[in-house]
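Data first, discussion second: the structure below is written as structure tokens.
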Number of protein chains: 2
Amino acid sequence: MLQSSLFTKTRKEAPKDEVSKNADLLIRAGFIHKEMAGVYSYLPLGFRVLEKIANIVREEMNAIGGQEVSLTALQDKNVWEITGRWNDEIIDVWFKTNLKAGGELGLAPTHEEPFTSLMKNFIRSYRDLPLYTYQFQTKFRNEIRAKSGILRGREFLMKDLYSFSKNEEEHTIFYEKMSKVYHDFFEKVGLGEHTYFTLASGGSFSKYSHEFQTVTSAGEDTIFVCEKCKMAVNKEVREKQKMCPHCKNEDLTEKTSIEVGNIFNLGTRFSDTLDLTYLDDKGKPQPVFMGSYGIGIGRVMGTIVEVLADEKGIVWPKSVAPFLVHLISVGESEEVKTASQEIYDALNAQKVEVLFDDRDARAGEKFADSDLIGIPYRIVISEKTLAEKSAEIKVRATGKTEMRPLADLKKDAIAVLDVF
Amino acid sequence: MLQSSLFTKTRKEAPKDEVSKNADLLIRAGFIHKEMAGVYSYLPLGFRVLEKIANIVREEMNAIGGQEVSLTALQDKNVWEITGRWNDEIIDVWFKTNLKAGGELGLAPTHEEPFTSLMKNFIRSYRDLPLYTYQFQTKFRNEIRAKSGILRGREFLMKDLYSFSKNEEEHTIFYEKMSKVYHDFFEKVGLGEHTYFTLASGGSFSKYSHEFQTVTSAGEDTIFVCEKCKMAVNKEVREKQKMCPHCKNEDLTEKTSIEVGNIFNLGTRFSDTLDLTYLDDKGKPQPVFMGSYGIGIGRVMGTIVEVLADEKGIVWPKSVAPFLVHLISVGESEEVKTASQEIYDALNAQKVEVLFDDRDARAGEKFADSDLIGIPYRIVISEKTLAEKSAEIKVRATGKTEMRPLADLKKDAIAVLDVF
């Protein structure tokens, strides 16, 4: 894409009321726009990152047998009254609204109730189980405070998968598979090193649940980390759990972190209240055993910014970057323009995602913008590099810089870049 | 995909309160689920169709230079008060809600205001124009009546593009391009033959706008059609426009139809009120000239069902079908099972999207389900067809049936099917 045609521009400053690092950087770099506190729109660069994260999740969910659906935000009060969760004291982040035709509706802060209700139409016998279904859907949460940028929004995109199993044994097999899938996902998006599998409270559903917590000062949680096995214990269960649940190590380190994913054993909490049963092989009705598995897509994006950014700006991992390459032409000579255009065309022909800074702007401005935007590889073409029939390659994450022949880039840019 | 693992099942009857043909068929075939009146979730088959329609739109919008974003549903009252559209008498389909932290919010029924506001951050000079940006976003409309299935929902997915131009002349060039793109789109999704380009009221924005109206008895609109040039005149402007706007033909036929797309000349209605200006080449501020271009994705899906379905069920055009092929094994013999599995594997290897009805069910039940679901090509394998080393191909739309050698399908199924 030509940067001259991208409608966003970098900004010197984020809105004055913005206090979070992730939103500050993402707004200044043109990835997101603040509509109101806790309510952010995704602009072209930000939308690309969000889609990349979502697509990595989607591949994993499909691979594990998940069937994608899209439920609604508008919620039927009657269903939530049955489970006791319509009450604002039980779920304290409801947005509620009224139908002009009469009646009150809610905006889903989570989707256990509608998924359980939905399955009453399709689950009949043990032969229908287990089954897994998921969606990417906007959640609405009426947070009192919203000062963490896209880490805790009032409206945000979430992947939530629900598992329906015959019994706890069948459930546990899937739950453990999913925990592996989540580990892989956080590795893929560049957070693996900073992310711990934690023992957390099961809330009203079960004794314990598990979370994936990424260590960052921007987090609102406290975990106690076992460095030996990348496990941790959440603060709320620390009293009951003094040692590492895996290796029994008692030497745990306190850290500040953010929950980036959770997996919940829901048991029969919802199938009991909403009467979701199946007939077992003897024809006897049994409650369906459920689990839920969430990942906040925007939250993951914000966490990547918090954890990997440096003093110059954002640093995207290759897997989720809006573009792989930021091509920058320096100088106004015809020679530079022609050589840059040729490399741009060659990269496009090789299906390498490239943002080409073709603007009439000073080199310093282009470099500063590029550092702020955080695309993994920078390829600079100037009269100086052309004198050597080369381009300068710079790796955003490490700052490593080297010259490489234009001919090599035209032949196979990925091979050239992969060496770095 | 194996039909035995698809969690939805066909149903004999839709919910009793469902009166629309599109929702009746889509619910019975397992494409959608009714949460409440006018509020429908998309299940695996329905989600696939919705995504296919959206992806066709996305390709067209990208090709015309549109930049994809995702704005929020939650709306800032202050912005809409400036344009005068916060008032429920001006926009009578608002859902409104309250922040726990204090203040009233709306759920966007449309997005002119936030897009105009957004651009105040990025449009500075004539060099920034024209620009086009679009999204697929959920709209919320508090309709008094919701009896048309997914043709008129209270929550639905819409593509809306907004154009920002220097002046009316520049705007008109894009507006006409877009009208061509819309024509192409309705051709691609199988509605071309039934869809008219109509002259409609410009509402409060301009004298006229244009709509794309598809003729169907399920529609709520009335148009006067010129059969000579596929143009029509909407009822609300009929008084002022007695003849075909294109060929001046006065012999127009009254028909019932549904609006499936609209293109609006917004002029400076929003840039004036929200103060969106650019500096022209003399450094003088000028108001930005705007247009908006909508397509309801779910509505298009529902319209396809209304227009193309027959007495047996849905008939999907190839471009938007959940799968291209419905493979059906008839009979329990090992020979049939093996041959069906081989064809299934071959189709998958050829990247042909196939739903394989591998269930232990009677042939009649499988055929009835297949007719209801409406996948374009049916491939049946039974002992009878195997006796001829063949499969039976049936075209859903025409009912045409012929035998084709298994070997040909294994070699190149698309070539075999394309002949029909």
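For A:PRO44, the shell of other residues with beta-carbons less than 12 Å away shows a net charge of 0, using +1 for Lys and Arg and -1 for Asp and Glu.
Placing +1 at every Lys and Arg Cβ and -1 at every Asp and Glu Cβ, with all other atoms neutral, what dipole size does the range A:3-308 have around its Cα centre, in debye to the nearest 20?
640
Rounded to the nearest 20, the size of the Cβ-charge dipole of the range B:199-349 about its Cα centre is 900 debye, with Lys and Arg at +1 and Asp and Glu at -1. Rounded, prolate or oblate, given the Cα gyration tensor of the range A:3-308, with a/c below 1.5 counting as rounded? Oblate, since a/c reaches 1.5 and b/c is not below a/b.
Distances between placed amide hydrogens fall under 5 Å for B:SER209 paired with B:ALA200, B:SER201, B:GLY202, all partners being 5 or more residues away or on another chain. Listed values for the range A:379-385 are Karplus-derived 3J(HN,Hα) couplings in whole Hz (6.51 cos²θ - 1.76 cosθ + 1.60, θ = phi - 60°), namely 10, 10, 10, 9, 4, 5, 6, and x replaces Gly and Pro.
The GluC sites (Glu not before Pro) found in the range A:315-368 that occupy coil by DSSP, while having at most 12 further C-beta atoms within 10 Å, are A:GLU332.
If the only charges are +1 at each Lys and Arg Cβ and -1 at each Asp and Glu Cβ, what is the size of the charge dipole of the range B:325-418 around the Cα centre, to the nearest 20 debye?
280
Would you compute, from DSSP H runs of 4+ residues alone, the mean residue ellipticity of chain B at 222 nm, taking -39500 (n - 2.57) per run and dividing by the full residue count, rounded to the nearest 500? The helix contribution divided over chain B gives -9500 deg cm²/dmol.
Relative to the current alpha-carbon distance between B:ASP360 and B:ILE173, full extension at 0.36 nm per residue lengthens the span by 61.5 nm. Karplus couplings for the range B:68-80 from phi (6.51 cos²θ - 1.76 cosθ + 1.60, θ = phi - 60°), rounded to Hz, Gly and Pro as x? Listing the rounded values in order: 7, 9, 9, 7, 9, 7, 5, 10, 7, 3, 4, 5, 6 Hz. Distance from the Cα centroid of the range B:381-409 to that of the range B:260-298 is 55 Å (rounded to whole angstrom).
Between A:GLU104 and A:SER201, the C-beta separation translates, for a Förster distance of 30 Å, into a calculated FRET efficiency of about 0.50. Place a point 7 Å from Cα of B:SER4 in the direction of its Cβ. Which residues in the range B:359-377 have their backbone N less than 15 Å from it? Hits in the range B:359-377 for B:SER4 at 15 Å: B:359-362. For the pair the range A:184-247 and the range A:110-148, the centres of their Cα atoms are 24 angstrom apart.
The residue of chain A whose Cβ sits closest to the rotation axis that maps A onto B, together with that distance in whole Å, is A:THR97, 2. Take every Cα pair under 8 Å whose residues are at least 6 apart in sequence, average their separation, divide by the length of chain B, and the relative contact order is 15 percent. With the convex hull built on the Cα atoms of the protein assembly as shown, state its orientation-averaged projected area in nm². Seen from a random direction, the Cα hull of the protein assembly as shown projects 38.9 nm² on average.
Take each peptide in A:66-75, B:219-228, count the other Cβ atoms within 10 Å of every residue, and average; sorted highest first, the result is A:66-75, B:219-228. Taking 7 Å steps out from each Cα toward its Cβ at A:ALA368 and A:LYS248 produces label points 5.9 nm apart. Simple rule: put +1 on each Lys or Arg Cβ and -1 on each Asp or Glu Cβ in chain B, find the dipole, and look at B:LEU50, B:TRP80, B:PRO130; the Cα lying farthest toward the positive end is B:TRP80.
Here the Karplus relation 6.51 cos²θ - 1.76 cosθ + 1.60, evaluated at θ = phi - 60°, turns the backbone of the range A:250-264 into coupling constants of 9, 8, 9, 9, 6, 9, 8, 8, 10, 6, 10, x, 9, 10, 10 Hz, with x for every Gly and Pro. Label-point spacing at A:ASP412 relative to the other copies reads 3.0 nm, in ascending order, each point sitting 7 Å out from Cα along Cα→Cβ.
Bear in mind these aren't lab numbers, they're just calculated from the coordinates by the rules spelled out. Since this is a predicted model, take the numbers as computed values, not measurements. Cβ coordinates were reconstructed from backbone atoms using ideal geometry, including for glycine residues, and neighbour counts include every protein chain displayed.
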